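Here, each number is a calculation from the coordinates, and none is a lab measurement. None of these values were measured; they are calculated from a predicted model. Note: ideal-geometry Cβ built from the backbone for every residue, glycine included; neighbour counts use all protein chains shown.
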Amino acid sequence: NAGVTQTPKFRILKIGQSMTLQCAQDMNHNYMYWYRQDPGMGLKLIYYSVGAGITDKGEVPNGYNVSRSTTEDFPLRLELAAPSQTSVYFCASTPGHTNEKLFFGSGTQLSVL
Amino acid sequence: GQNIDQPTEMTATEGAIVQINCTYQTSGFNGLFWYQQHAGEAPTFLSYNVLDGLEEKGRFSSFLSRSKGYSYLLLKELQMKDSASYLCARPDSWGKLQFGAGTQVVVTP
């Protein structure tokens with residue numbers, strides 16, 4: 001059982017470049033999330049989705065976009081990458097919300113130089 | 001935000017006990033989570049408390065006081081592999097999980 005799969009694991013971008021971080025889950029979870037984690041900090045919510053076709057902003061959405069065309073996939077798009085977006089990105093999913101534990105992907109280490 | 005506060009770092013000796021405190025805003029409370037995160041890895045679920053009291057799971061226990069907006073994670077019989085960051089988190093009123101900055105626990109021989 002794969003769980004939550006994130007790709008790529010590492011990426012270096014130049015300022016102004018764009019890229020998409022991929023996230024897929026095979027557990028038929030309705031809720032999916034994108035978090036970023038800066039060194040020595042907790043996780044901050046970027047975007048989340050409660051089901052296919054539904055997305056909403058989290059705490060730090062600026063500079064990012066998401067889509068949720070299927071239950072399984074929840075890609076995160078970075079447009080015009082900036083050094084401030086250097087971080088570790090985690091995708092996560094839950095069956096429902098509130099009292100459900102998060103299932104995390106292994107993370108993407110992104111550096112913008 | 002949810003004003004989730006926890007200490008930045010704690011150091012303890014192998015075999016000892018460490019208690020990691022977490023305080024949070026009490027409004028709209030929907031339960032409290034603890035996650036463990038080893039360096040370079042994703043967080044993994046440790047516990048979820050929604051009622052007052054202590055819940056024990058082997059060497060790890062979690063306590064909650066809803067009226068005080070307070071929780072702690074107790075790690076007993078510390079092992080070197082327990083060196084990690086411990087994240088306190090609570091759902092906001094919309095169910096989205098908000099995390100504290102994490103407490104780095106360093107276990108020394």
(request) Compare A:GLN17, A:GLN37, A:GLN25 in a GNM of chain A, Cα atoms joined below 10 Å, and give the one with the largest fluctuation. (result) A:GLN17
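Listing A:SER87, B:SER67 from the residue with the fewest other Cβ atoms within 10 Å to the one with the most, what is the order?
Result, fewest neighbours first: B:SER67, A:SER87.
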(request) Give me the distance between the Cα centres of the stretch B:20-66 and the stretch A:4-26, rounded to whole Å. (result) 30 Å
(message) What percent of all Cα-Cα pairs in the stretch B:26-68 falls into each 10 Å bin, going from 0 up to the bin containing the maximum distance?
(response) 26, 45, 24, 4
(request) Sort B:MET10, B:MET80, A:MET32 so that the residue with the fewest other Cβ atoms within 10 Å of its own Cβ comes first and the one with the most comes last. (result) B:MET80, B:MET10, A:MET32
(request) Determine the shielding of peptide B:90-103 by partner chains: average, over its residues, the number of Cβ atoms on other chains within 10 angstrom of each Cβ. (result) 5
(message) Within 10 Å of each Cβ in A:38-45, how many Cβ atoms from other chains are there, averaged over the peptide?
(response) 6
(request) May I ask you to evaluate 6.51 cos²θ - 1.76 cosθ + 1.60, the Karplus curve with θ = phi - 60°, for each residue of the stretch A:20-33 and list the ³J(HN,Hα) values in order in whole Hz, giving x for glycine and proline? (result) 10, 8, 8, 9, 9, 10, 10, 9, 6, 7, 7, 9, 9, 9
(request) Take the protein assembly as shown, compute every pairwise Cα distance, and split them into 10 Å bins from 0; I just need the percent in each bin. (result) 8, 33, 34, 20, 5, 0
(request) Sequence neighbours fewer than 8 away in the same chain don't count; with that in mind, list the aspartates and glutamates whose C-alpha is under 15 Å from B:LYS96. (result) A:ASP56, A:GLU59, A:GLU100
(message) Quick check on the stretch B:36-109: take the gyration tensor over C-alpha atoms, sort the square-rooted eigenvalues as a ≥ b ≥ c, and tell me if it's rounded (a/c under 1.5), prolate or oblate.
(response) oblate
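Please compute, for peptide A:101-108, the average count of beta-carbon atoms on other protein chains lying within 10 Å of each residue's beta-carbon.
If you average over the peptide's residues, the count of other-chain Cβ atoms is 4.
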(request) Determine the principal axes of the Cα atoms in the stretch A:3-113, then give the extent along each, sorted from largest to smallest and rounded to whole angstroms. (result) 37, 29, 23
